[in-house]
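In what follows, a structure is listed as C-alpha cells, so that the remarks can point back to it.
A short reminder: the numbers here are calculations on the coordinates, not readings from a lab. Computed from a predicted model, the values in this text were never measured in an experiment. Glycine also receives a Cβ, built like all others from the backbone with ideal geometry; neighbour counts cover every protein chain displayed.
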Ligand SMILES: Nc1ncnc2c1ncn2[C@@H]1O[C@H](COP(=O)(O)OP(=O)(O)OP(=O)(O)O)[C@@H](O)[C@H]1O
Ligand SMILES: [Mg+2]
C-alpha cells in the first residue's frame, strides 16, 4: 500500500489549511489562512518566513504531531496521524532545537524511535543505529559518548541519524544549520546533499540561513501573510514583489548571497 503511494508525484498535499490558536477573551491568532502547498517527490523544498509565521507548526502538522484547525494535510496520500498509527514511519524530523536526550548516549538517542516500537530485538536495533551513525559521517568510537561531550555539528548529525532510523522517505529539517559555524554548516549541507541523493529522500527544510538556502534548495516557499506568497526557484521567488522578500533576499546579506547564484 505504502509502496504504491511512493509512486505519487506529490509526497505532501496541503489544501485549505487554517491554523488558529486561542489567545484569550475570545481572540484567536490566525497562523495559517487557507494555505495550500504541494511537495514533490525527490525535491528539497525550503520554507522561509519571518519568526512566528508558522513554519515549525507546519512541519509539526506534516509530521502529524499537531492537527490543523481546518483543511487537510496528506502525506503519501493519507493523513499523517493515520500513517504513524500504522507504524509506517513515513516522516523523520530534525527538530529546531536539535534536542537529544541528555541522559542517553549517542547510540541510545539514535535507537530511541526504533526501541519505542518494541518490534525488534536489542541487537538488531543496535546494529541499525550503528549503520545510521556511520551514514551521518561519525565513526563507531562516538557511539557511547554523551550529548554533553559533543560539538554542535555532531549533535546535529546524531539528531539527523535519529530522524533517519526508520528509513522514512520524507525528511523534515527545522533550522538544521542554526548555531553552526560556517565550516560546520558547510559540511552539514554536504552531508545532507549526499544523503538526499543516495537515499532518494524528499526533504522539507526550514532555514533562516541564506547560504544553506541557496546551497541546497530545489524550490523555495515563502511564508508571509499567513500563507505561501511565493513558490519556485530562488530567482522566481526573488522576482516576487513583497516587502518580506525585498527585505530578506535583497537586503545587504541576501543580496550578496544572491549575487553568488549561478546564472
Ligand atoms: N501549541 C501552540 N499553542 C499556541 N500557540 C502556538 C503553538 N504553537 C505555535 N504557536 C504560535 O504560532 C505562531 C507560529 O509559531 P512557529 O513556531 O510555527 O513559528 P516559526 O515560523 O517556526 O518561527 P521561528 O522562525 O521563530 O522558529 C507563533 O506565534 C507561536 O507562538
Ligand atoms: Mg520555528
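Here are some notes:
- Relative contact order of segment 169-220, defined on C-alpha pairs under 8 angstrom at six or more residues apart (%): 52 percent
- Difference of contour (0.36 nm per residue) and Cα-Cα distance, residue 29 to residue 9: 3.9 nm
- Taking Cα atoms only, the orientation of helix 122-135 departs from the longest principal axis of the chain by about 50 degrees.
- Rg over Rh [alpha-carbon atoms, Kirkwood Rh] for segment 85-154: 0.96
- Ratio of Rg to Rh for segment 56-119: 1.02 [Cα atoms; Kirkwood radius as inverse mean 1/r over pairs].
- Projected label points at residue 51 and residue 197, each 7 Å from Cα along the beta carbon direction, are separated by 3.6 nanometres.
- Comparing segment 89-237 with the 2.2 N^0.38 Å rule of thumb, its C-alpha radius of gyration ratio is 1.08 (two decimals).
- Adding -39500 (n - 2.57) for every DSSP H run of four residues or longer, then dividing by how many residues the chain holds, sets the calculated 222 nm ellipticity at -11500 deg cm²/dmol.
- Helix 152-164 vs. the chain, principal-axis angle (Cα, 0 to 90°, nearest 10): 80 degrees
- The chain - share of DSSP beta bridges that are antiparallel (%, nearest 5): 55 percent
- Cubic angstrom per residue, convex hull over Cα atoms of the chain: 149 Å³
- Sequence-distant contacts, meaning Cα pairs under 8 Å at least 6 residues apart, place the relative contact order of the chain at 23 percent.
- Nearest-ten-degree value, helix 106-117 long axis tilted from longest Cα axis of the chain: 80 degrees
- The Cα center of segment 165-240 and the Cα center of segment 45-96 differ in position by 16 Å.
- All Cα-Cα separations within segment 31-148 were binned at 5 Å from zero, giving a P(r) of 2, 9, 16, 18, 17, 15, 13, 7, 3, 0, each value a whole percent of the pairs.
- With Cα atoms as the point set, segment 183-222 shows a radius of gyration and Dmax of 10.1, 27 Å.
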